[in-house]
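Asker: Okay, handing you the structure first.
The values are calculated or read from the model by the stated rules, or taken from the named source; none is laboratory data. Keep in mind that what you see is a predicted model, and the values were worked out from it rather than measured. Here the Cβ positions follow ideal geometry from the backbone for every residue, glycine too, while neighbour counts run over all protein chains shown. Keep in mind that these areas ignore ligands, DNA and RNA; they rest on the heavy atoms of the full protein, side chains included. Shrake-Rupley method; radii C 1.70, N 1.55, O 1.52, S 1.80 Å.
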Amino acid sequence: MYDYTRAGMDARALALTTLLLGGLAVGCASDGTGPEQEFDEVAAAADVDAVLNTVDDDLIVTLLLAADGLASAGGSASLMPPAAARPGTGGFAAIGAYGADRLAAAASRLLPSLSSLSASAEPIFPSNLLGLTFVWNGTQYVADETIPGAPANGVRFIVYAINPVTRTPVEPLVEVGFLDLTDDGSAASTRLGIRMVDTTGAEPVDLIDYFIDVAFTVTETTSTVILASIGFVSDGSETLDFELTQHLAFAESGGGSLVVDYEFTVQSTGLTLAFDAAVEFDAQTEESTGLSAALTLSEGSDVVVLSVMESPQGALDGEITFNGATAILVAGTAASPQFTRPDGSELTATEVQALVAIVDAITDVLLIAEELFAPISGLLSA
């Protein structure tokens, strides 16, 4: 069951998020004239909000409710082997210490067995669900075989206005559109199409249009899954394009790695927020060999980049650059990061206040990716 509120990360995950925020707390120069200008943390916070506010939370709630509905209906994809056959899932405890439990929530459900995975992708939906429309019954989404219009290669969910307090459809129900999930896969990969349409106006408007692709390779000793999603979400006036990739690999010997690459771009302005991270771990001991991560905020010629490495012992080593010039040095630990300027001076109180003000917004960046992957997770969680 998904939590329909954007809250809750463990202390170390939040510490890393805070660290990542340091790169944005010093901000892009408001006039974009180059690295000699003062950093503007207020402008950076506004830029982050501009990216995140493009995602209508009601749309995300519907995606999560639909994922739960599929899981309850037994909509499990055939490619998922029994949990006991999946090696090394304990390794995600180590990754979770760095906050990648949020980044890899969907990937952790997609780890194939080294011995039992089919050589080709299987259909996403069981045949008994194809062409069905799901409606809200007051508690959850359930299939209604009497309603026509669902795609032949997938399922349809009626979309309703969302109660801002309960985060479920309002009562009495107010229909506002539909969400189609379709099997667009091939023999080489599993692909789920997601399209949400607003039908309240004179003409239908696409609010969501993207796909989730699961490509996998299996050898005698290794297992690899690449989870990718490309498309857009819209609030009806502004559109957020995104491209998300998670590369998860396991070896029979017990080693594993996760590489994450997320990018969100506001279509009208080109404002882009990107997150990249890589970690290697031992699935048996749940010990990591270290984490490397980068957070990038860019608009026009202004680019703020935080690049940092965390050792297995938790020590941080990194820097924050603005338009290629080092602005902040990073040290300390994920639980207690230290920020200084190249001349040895510390951040000002104003910069710290700005960091606190936008920490929740950056947490949303991590959660949005998990939420966009939710439909495929719903199919693979039954």
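Asker: Can you tell me which residues in the range 327-349 are open to solvent by 60 Å² or more (accessible area, probe 1.4 Å), touching a strand residue (DSSP E or B) at 6+ places or on another chain (Cβ under 6 Å) and of a type in the set (A, V, I, L, M, F, W, C)?
Answerer: Correct list: L329 only.
Asker: Sticking with this structure for a sec: Would you confirm, using the coordinates I've provided, whether L173 is buried (at least 19 other Cβ atoms within 10 Å of the Cβ), within 16 Å of F157 (Cα to Cα) and in contact (Cβ under 8 Å) with a residue 24 or more places away in the chain?
Answerer: Working: buried (at least 19 other Cβ atoms within 10 Å of the Cβ): no; within 16 Å of F157 (Cα to Cα): yes; in contact (Cβ under 8 Å) with a residue 24 or more places away in the chain: yes.
No: the conditions fail for L173.
Asker: Hey, among Y262, Y210, which residue is in contact with an Asp or Glu (Cβ under 8 Å, 6 or more places away or on another chain) and touching a residue at least 12 places away in the same chain (Cβ under 8 Å)?
Answerer: Within the list Y262, Y210, the selection yields Y262.
Asker: Which one of V233, V225 is within 29 Å of Y160 (Cβ to Cβ) and touching a helix residue (DSSP H, G or I) at 6+ places or on another chain (Cβ under 9 Å)? Write out each step before concluding.
Answerer: Values: V225 fails: within 29 Å of Y160 (Cβ to Cβ).
Result of the check over V233, V225: V233.
Asker: Tell me, yes or no, whether the range 107-122 has at least one residue that is modelled with pLDDT of 50 or more, in a loop (DSSP other than H, G, I, E, B) and more than 30 Å from S311 (Cα to Cα). Lay out the reasoning, then the answer.
Answerer: Filtering the range 107-122 down to residues modelled with pLDDT of 50 or more leaves 121-122.
Applying the additional criterion that residues be in a loop (DSSP other than H, G, I, E, B) yields 121-122.
Add one more test, that the residue is more than 30 Å from S311 (Cα to Cα), and what stays is 121-122.
Scanning the range 107-122, I find at least one residue that is modelled with pLDDT of 50 or more, in a loop (DSSP other than H, G, I, E, B) and more than 30 Å from S311 (Cα to Cα), so the answer is yes.
Asker: Please verify whether A357 is modelled with pLDDT of 65 or more and open to solvent by 20 Å² or more (accessible area, probe 1.4 Å), treating the condition exactly as stated.
Answerer: Numbers: modelled with pLDDT of 65 or more: no; open to solvent by 20 Å² or more (accessible area, probe 1.4 Å): yes.
When the stated conditions are applied, A357 does not pass them.
Asker: Same structure again: In the range 184-206, how many are hydroxyl-bearing (S, T, Y) and part of a strand (DSSP E or B)?
Answerer: Restricting attention to the range 184-206, the residues satisfying the condition of being hydroxyl-bearing (S, T, Y) are 186, 189-190, 199-200.
From what's left, part of a strand (DSSP E or B): 189-190.
Residues that pass the stated criteria total 2.
Asker: So the check is Cβ under 8 Å with 6+ separation or different chains; which pairs have a first residue in the range 42-61 that's more than 19 Å from F275 (Cβ to Cβ) and a second one that's modelled with pLDDT under 75 and open to solvent by less than 20 Å² (accessible area, probe 1.4 Å)?
Answerer: Every condition considered, the pairs that remain are V42/G27; V42/A354; A43/G27; A43/C28; A43/A29.
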